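These notes are about the structure you will find just below.
Every read-out reported here was derived from the displayed coordinates using simple, explicitly stated rules and does not represent laboratory data. In this text the structure is predicted, and so the values were computed from the model without any measurement. Cβ coordinates were reconstructed from backbone atoms using ideal geometry, including for glycine residues, and neighbour counts include every protein chain displayed.
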Amino acid sequence: MAKHKHVANLSELPVDKVNAPEGSAFGGMRQRAGAQLGAQKLGYSFFVVPPGKAAFPLHTHTGNEEMIYIIEGEAILRLGKEELPVSSGTVIACPPGTEYPHQLVNTGNKELRYLVVSTMEFPDICEYPDSNKIGAYATAAVGAQVGLRALYVKDKNVNYFEGEDGREIERIRKSKSHS
């Protein structure tokens, strides 16, 4: 194969384990091809998920759109309020918006293999309907971790001024009045 920074065989790309708690319903492996090959505006990752597992929680994106292509295996696609059987050859559009939560659950007896291609627009806000969480992402998942990557429980709303005690304003006022 020709050597070029934007070209690689999938077997040459690093494999990351899905960082899920031991014994949970989540697991598998991911290869972040886009990040490894220097992609700028698209992310593309290959997933391998064992039977009975999902690689990621049900989630939405406010800014990013995803396309999923099932390479091999069988799954249930949770998309919006529907649960749809999918298998090899299926192409799935996951538009941005809270009305399009999505997740794949491997329901077959073999590994589920699929490709996810996504726009890489930041900031992106993700909602996780099953756990009532919200994620704020202002940086990519790989590379230099510059910016915000944080998850919160949605019901923990606070007032705009909560935690703002004004000490710094008072300090500035006092220093100005002494000059």
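Can you check what the net charge comes to around ASN106, using other residues whose Cβ is under 9 Å from the Cβ of ASN106 (Lys, Arg +1; Asp, Glu -1)?
0
Quote to one decimal, in nm, the extra length available between GLU12 and TYR69 on full extension: 0.36 nm per residue of separation minus the C-alpha distance between them.
18.4 nm
Working out 0.36 nm times the residue gap between VAL91 and LYS110, then minus their Cα-Cα distance, what length gain in nm do you get to one decimal?
Working it through step by step, the gained length comes to 4.9 nm.
Points 7 angstrom from Cα along the Cβ direction at ASP165 and ARG149: gap in nanometres?
It is 3.2 nm.
Multiply the residue gap between SER24 and ILE125 by 0.36 nm, knock off their C-alpha separation, and tell me the result in nm, one decimal place.
Details: separation 101, 0.36 × 101 = 36.36 nm, distance 2.45 nm.
Difference between extended and current length: 33.9 nm.
For P(r) over Cα pairs in 10 Å bins from 0, in percent, several values are listed as (i) 9, 28, 24, 20, 14, 4, 1, 0; (ii) 8, 25, 28, 25, 11, 2, 0; (iii) 9, 30, 32, 14, 7, 5, 2, 0; flag the one computed from this structure.
It is the value labelled (iii).
Would you please classify the overall shape of segment 37-100 from the alpha carbon gyration tensor, given that a ≥ b ≥ c denote the square roots of the eigenvalues, rounded means a/c under 1.5, and beyond that prolate means a/b larger than b/c while oblate covers the rest? Numbers along the way, then the final one.
On the way: a/c = 1.80, a/b = 1.14, b/c = 1.58.
Cα axes put segment 37-100 in the oblate bin.
Out of the DSSP beta bridges found with both residues in the chain, what percent are antiparallel (nearest 5)?
Rounded to the nearest five, the antiparallel share is 100 percent.
Could you order peptides 91-97, 7-13, 161-167 by the average number of other Cβ atoms within 10 Å of their residues, highest first?
Result, highest mean Cβ count within 10 Å first: 91-97, 7-13, 161-167.
So how far apart, in nm, are the two label points at LYS174 and LYS81 if each is 7 Å from Cα heading toward Cβ?
For the pair LYS174/LYS81, the computed spacing is 5.8 nm.
For segment 39-69, which chymotrypsin sites (Phe, Trp or Tyr not before Pro) are both in a DSSP coil and crowded by at most 12 other Cβ atoms within 10 Å?
none
Count charges around PRO51 for me, please; just the other residues with Cβ under 15 Å from its Cβ, Lys/Arg as +1, Asp/Glu as -1.
0
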